[in-house]
Structures are given as C-alpha cells and as structure tokens.
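Have a look at the structure below before the remarks.
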Amino acid sequence: MMKGKKINVPSYLMRTKWFIIALAILALIVFGRTVHSPELTKTAIVLGAGIDFSEQDRQFIVTTQSVLMASSSSEGAGKTSYDTYSATGNTIAEALDDISRKMGLTISFAHCNVLFVSKSVLKLDHMQLIYPLTGMYSLPENAIIVTGEKSPREMLATQIGTTVSAPYFLQLALSNKEGTNGMIRTNVKDLLVRSLSRSEAVAIPYITLKKLSDQPITDDGQGEDYYEFDLSSVMVFNHDKSEILTDDLAETLALYLTDSSFGSLNRKSENGETVEFRLLNKNVDTSAKGRNITAEIELTVELLDVQFITTDKVLTGADPQIQKAAKELEKEIEDLLTELFELSKQYDIDYLGLQAKAYQSVGRKLEKDCLDTLSFSPQVTIKVKETA
C-alpha cells in the first residue's frame, strides 16, 4: 500500500498566515468601535406603552416610555433618561406616528415588555387592537398586558421607589417572575387566545397605587411623589363586562390559570399556627364530560417556614403537623375555586374557561352563554417534598 508523502510547509508561509490573522483582529478592534449604526441611532427603544380610548371623542390616547442614552465622551459616561411621550389619533398608528415626529426617532416595540391598557380599550376588538402593534411595531407576543385604577399615561409616568421606570419594574415583577407571589401573568398571546375562545373571557393584573410613606433619599436629597405598585388584584372581563378580584381569590385564580410554577402557599389555622410552603411544581388537568367539568390540580411543595406551632424539634415535611396543614390547604383552595366558579356565574364572565372546555365535549350543540348550565368540581392534591 502506497503511503502518502508528507508535505512540509515553509516556515515563512506559517509566519505570514499568523501575521494576516493578527492584522484582521486588529482591524476589527480599531474600526469596529467607530462603525456608525444608523438603525440604533434613529430608533426609540420603547420599554413600555399605554393605550387609552376616549369613548366620547372616539380617539386613541397612546403613551410610550423610551430609554434614551446620551452620547458618551472621553470625560465621562453617557447619561440614561426615560422619556414619556403621549399623542392622540383616530388610530393607534396615527398616534404613534405623532410620537415619532415629536421624538425625531422611529418607534420600535421590539423591547417593550409591558402594555398598559384602559378598561375602555378592552371593550374594543382585541385582534384589531393588537395586530398593528405586533405587525408594524414588533411588539413581542409575550409582552405582559396590565390595567389599573389610573390611566395608562399616569401609570407610565409614575415614579417607583425601587427604580426610575415603571415599565422596567413591571418587567422584573411579571416577565422575570420576581417580586411577590400570587400575581397573574397574561401576555399578548394569552389575551387573543382567551378572548377568541368560546369563553371569551380574560384575566389580567389590576394595579393600584400607594404613595410611599417613607420617600427614598436620592442624590438630590429627599425624594417626592414616589409610589409602589400593588399587583395583588386581578381584573376579569369579557367584551362588555369587567370585575375586580382581590386577595385570596386573585391569588387562587392566578394559581389556576398561570402556566408557570412560582410563588408560595400559606396556611394559617384558626389558632394561629402558620405554615408556609414554596411551590415547586404544578399540574392542572381540566376535563369535561358533557357539561360537567373536573379540574384536577396537583401541587408539589416544600416546607419554607413554620411559626407558632408548639414543638420540641425542627419540623420537616414528613411531620404530622405539616401534613395536616397541607390537607387543610387542599380544602381551602378547593373552596376558593368553587367560590370563583359561583362568582363567574354571578358576573356572567367565564374567566375559568369552562365553556371552552365544555365545548370540546359537547360540540356545536352547546349554546352560547351557557355558564349557568355547567357544573365545576375542583380536586386539589398537595405533595410535600422532603428537602435535603
């Protein structure tokens, strides 16, 4: 068998190759820093947007908050500002064009993670509301939809104690799942899917404002007019009705509707014994047999904290007191889900999505607005996992 002949590369060619590579790297370092990017310099990066609708004037009031970075120099770093602009128009696009002219920049929603909407906006066609934002302005489908007691313009301009930008705070609290537990998270995609379903009902965070009793101290001294957002309420609505759920009802609805496993569960007995569990995993399996809907909810938790239980040892998830608290919590959640069902019939808002589930079983024979004819049976199981 013939052996291949070894090829010897002259040393001067090897040196030339490494010289060319080094020269290319140097060119990228030097010239890469001075390349002008017209797209970035001409585009306003919108962090949050708000849409309101005047039913009297039939006009949209659109507000955007953008992050703008001043050019840096050799003497110091660039300065970041959060600028809020508003405009009105017969359409959302017309109002955004007006904001673009005011700023002298092109509007892009590619980094917008929070969309504030008013109650009047939610009465409109949701597809026509969302399409121009996702189609022409690149609004992500996972952007969170929120509403509140104030107008979208006021909410966007609110100063939050922990950060300058209200949209940035909500991005951390809702999109990144930081902050308090029990908050519902409904994005643009969820809004369209649920409003176009047979149930035609949606639940989104309802924000209330509370002025900080202790104002933060800034570089300029004592701060003023700083607020905190309360995200513990939920607004449930369809195309013509809306209601506000608070406290345990809002938290239980979030547990039922939200896909992710996040937060904690608390059980406080009548004599004050308190057990806190951290939610590790959740599985919600809702099935329909005719007009009878069953929801099997399996929760996996771990023991997080115990207070006011008389004991002479450190309690674990296997101890009877903890297992008893888990059983009591199962019954408490089942009762809250049943109360949510009864309220949905009273409000005539199918925020649990039961009509859509019944439609999968009954088919086209199922009449519209049949919530009163359905039954709902929640079954909750909590498994306490031992921690290492």
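The values are calculated or read from the model by the stated rules, or taken from the named source; none is laboratory data. For clarity, every value in this text was computed on a predicted model and none was experimentally measured. Counting neighbours? That spans all protein chains shown, and the Cβs are built from the backbone with ideal geometry, glycine included. Protein only, heavy atoms only, side chains kept; ligands, DNA and RNA dropped before computing areas. Shrake-Rupley method; radii C 1.70, N 1.55, O 1.52, S 1.80 Å.
Looking only at residues that are within 15 Å of Leu371 (Cα to Cα) and not β-branched (Val, Ile, Thr) in segment 290-309, which one is farthest from the chain's Cα centre (by Cα)?
Step by step, filter segment 290-309, then rank; the result is Gly290.
Inspect segment 238-255 for any residue being open to solvent by 70 Å² or more (accessible area, probe 1.4 Å), free of Cβ contacts under 8 Å to residues at least 60 places away in the same chain and hydrophobic (A, V, I, L, M, F, W, C) and give the result as yes or no.
No, that holds for no residue.
Please tell me if Leu336 is in contact (Cβ under 8 Å) with a residue 60 or more places away in the chain, touching an Asp or Glu at 6+ places or on another chain (Cβ under 7 Å) and not polar (S, T, N, Q).
For Leu336, the condition - in contact (Cβ under 8 Å) with a residue 60 or more places away in the chain, touching an Asp or Glu at 6+ places or on another chain (Cβ under 7 Å) and not polar (S, T, N, Q) - is met.
Would you check which residues across segment 328-347 are out of contact with any helix residue (DSSP H, G or I) (no Cβ under 9 Å at 6 or more places or on another chain), surrounded by fewer than 17 Cβ atoms within 10 Å (Cβ to Cβ) and closer than 21 Å to Leu371 by Cβ and list them?
Correct list: Asp335, Thr338, Glu342, Gln346.
Between residues in segment 185-199 that are assigned to a loop (DSSP other than H, G, I, E, B) and residues that are among the aromatic types (Phe, Trp, Tyr) and crowded, with 20+ Cβ neighbours inside 10 Å, which pairs lie under 8 Å by C-beta distance while being six or more apart or on different chains?
Ser199/Tyr351
Would you mind finding the one in Thr310, Thr300 that is on the phi < 0 side of the Ramachandran plot and open to solvent by 50 Å² or more (accessible area, probe 1.4 Å)?
It is Thr310.
Find the strands (runs of 3 or more DSSP E) located wholly in segment 261-366 whose residues include 2 or more that are at pLDDT 95 or above, and list them.
274-289, 292-307
So which residues in segment 240-251 are over 16 Å from Asp350 (Cβ atoms) and at pLDDT 95 or above, if there are any at all?
The answer is Ile244, and nothing else.
Kindly state which helices (runs of 4 or more DSSP H) lie completely within segment 110-165 and contain at least 2 residues that are touching a helix residue (DSSP H, G or I) at 6+ places or on another chain (Cβ under 7 Å) and either at pLDDT 95 or above or more than 11 Å from Ala49 (Cβ to Cβ) (or both).
Where helices (runs of 4 or more DSSP H) fall fully within segment 110-165 and carry at least 2 residues being touching a helix residue (DSSP H, G or I) at 6+ places or on another chain (Cβ under 7 Å) and either at pLDDT 95 or above or more than 11 Å from Ala49 (Cβ to Cβ) (or both), they are 126-136.
So in segment 95-134, with the set limited to residues that are farther than 29 Å from Leu231 by Cα and without any contact (Cβ under 8 Å) to a residue 12 or more places away in the chain, which one is least open to solvent (accessible area, probe 1.4 Å)?
Taking the candidates together, the pick is Asp98.
May I ask you to verify whether Ile51 is surrounded by 16 or more Cβ atoms within 10 Å (Cβ to Cβ), at pLDDT 95 or above and among the β-branched types (Val, Ile, Thr)?
Yes: the conditions hold for Ile51.
With respect to Ile144, is the statement that it is closer than 25 Å to Lys211 by Cβ and touching a Ser or Thr at 6+ places or on another chain (Cβ under 9 Å) true?
For Ile144, the condition - closer than 25 Å to Lys211 by Cβ and touching a Ser or Thr at 6+ places or on another chain (Cβ under 9 Å) - is met.
Exactly one of these conditions fails for Glu342: (1) free of Cβ contacts under 8 Å to residues at least 40 places away in the same chain; (2) in contact with a Ser or Thr (Cβ under 7 Å, 6 or more places away or on another chain); (3) over 17 Å from Leu265 (Cβ atoms). Give me its number.
(2)
Table: residues versus (1) touching a residue at least 24 places away in the same chain (Cβ under 8 Å); (2) polar (S, T, N, Q); (3) open to solvent by less than 80 Å² (accessible area, probe 1.4 Å).
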residue: Leu315; (1), (2), (3): no, no, yes
residue: Ala326; (1), (2), (3): yes, no, yes
residue: Gln360; (1), (2), (3): yes, yes, no
residue: Asp372; (1), (2), (3): yes, no, no
residue: Thr381; (1), (2), (3): yes, yes, yes
residue: Lys385; (1), (2), (3): yes, no, no
